[in-house]
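So the structure is just underneath, and the comments pick up after that.
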Amino acid sequence: MSESPSVPGSTPTPTPSPKLTPKPATKPESKVDAGELDRMVAGGEVSAVVVDRQAGKTLVSVHADRAYTSASLVKLLIALAVLDRGGPAPQVQKMLSRSDDDLASQFWSAYGGPSIVTGWAKKIGLTGTRAPADPGRWGDTLITAKDVARIYQYVAAHAPGTILAALRAATERGSDGFRQYFGIPDAAGDRPWAVKQGWSCCRPTRMLHTSGLVGEDGRYIVVVLSEHPASVDYATASKRVTQVVSALLG
């Protein structure tokens, strides 16, 4: 996504253009387009957003308004609701870092259920986020990549440090034993990260989402949401999502 430096105009007496040294890259290199990302999740759906928080620019936006069921990404909104009302920070950290479903269910019931989604969507300005049709199924909340990026912008700027600390401490295995280092953690290399992952199956498809902050001071917001046929197993889907993130980060 780097732009070529401008070359001075010609003069009456043509002279060779000066050799310019490229500037060091200041943002992830991404040469993928929607078609390339779609091919990486053959037979499925994928959306991606990358935001440079320091520059205040969206670097990548692919199918950013496409809706997916959130799986565990809604735990970000649950955490905001619990902490906003003085709830137990250690339990919130555990819910996020280990993606603990039991704690999420307890908080969902105790702090308002679907109103958590509707209230925080209004507060943050989430235009494509919807509470689940079945009020007891928090993982069926509808989200978009654009909205998840907005949640991270809010978390980085306004939320208690509890949330980012938990995302930086995400464990390799979730509380259900699922390996949650696919996507951003596997693709980031030596870049620091803070992530919230999501996975679910099969109503009727398989969802696999990776989201978080990447780089020093969490400079880049990276969101990749994906939906796969149930016939595609988690191991294969995980590799595909990691490939998408690798292409975005360069």
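The values are calculated or read from the model by the stated rules, or taken from the named source; none is laboratory data. Owing to the predicted nature of the structure, the values given are computational and were not obtained by experimental measurement. Heads up, the Cβs are rebuilt from the backbone with ideal geometry, glycines too, and the neighbour counts pull from every protein chain shown. The area values use the complete protein model at the heavy-atom level, side chains included, leaving out ligands, DNA and RNA. Shrake-Rupley method; radii C 1.70, N 1.55, O 1.52, S 1.80 Å.
Miscellaneous remarks
- Helices (runs of 4 or more DSSP H) wholly inside the stretch 86-147 that include at least 1 residues being modelled with pLDDT of 95 or more, touching a Leu at 6+ places or on another chain (Cβ under 9 Å) and farther than 29 Å from Glu172 by Cβ: 114-124
- Listed by first and then second residue, the pairs linking a residue in the stretch 136-153 that is of a type in the set (Phe, Trp, Tyr) to a residue that is open to solvent by less than 20 Å² (accessible area, probe 1.4 Å), with Cβ atoms under 6 Å apart and 6 or more places separating them unless they lie on different chains, are Trp138/Val74; Trp138/Trp108; Tyr152/Ile221.
- Of the criteria (1) open to solvent by 10 Å² or more (accessible area, probe 1.4 Å); (2) touching a residue at least 12 places away in the same chain (Cβ under 8 Å); (3) in a helix (DSSP H, G or I); (4) among the aliphatic types (A, V, I, L, M), which one Val241 fails: (1)
- Verdict on Val195 being open to solvent by less than 10 Å² (accessible area, probe 1.4 Å), in contact (Cβ under 8 Å) with a residue 40 or more places away in the chain, in contact with a strand residue (DSSP E or B) (Cβ under 8 Å, 6 or more places away or on another chain) and not in a helix (DSSP H, G or I): no
- The stretch 201-212, subset open to solvent by 10 Å² or more (accessible area, probe 1.4 Å) and within 25 Å of Leu249 (Cα to Cα), residue farthest from the chain's Cα centre (by Cα): Arg206
- Boolean, Ala145 is under 23 Å from Ala235 (Cα atoms), touching a strand residue (DSSP E or B) at 6+ places or on another chain (Cβ under 9 Å) and aliphatic (A, V, I, L, M): yes
- Those residues of the stretch 29-84 which are of a type in the set (Gly, Ala, Ser), closer than 29 Å to Arg98 by Cα, assigned to a helix (DSSP H, G or I) and in contact with a strand residue (DSSP E or B) (Cβ under 8 Å, 6 or more places away or on another chain), in sequence order: Ala71, Ser72
- Tabulated pairs, the stretch 89-116, first farther than 13 Å from Gly136 by Cα, second part of a helix (DSSP H, G or I) and open to solvent by 70 Å² or more (accessible area, probe 1.4 Å), C-beta under 7 angstrom, 6+ apart or interchain: Asp100/Lys94; Leu103/Gln91; Leu103/Lys94
- Residue-level check: of (1) free of Cβ contacts under 8 Å to residues at least 24 places away in the same chain; (2) in a loop (DSSP other than H, G, I, E, B); (3) under 30 Å from Gly56 (Cβ atoms), Ala170 misses just (1).
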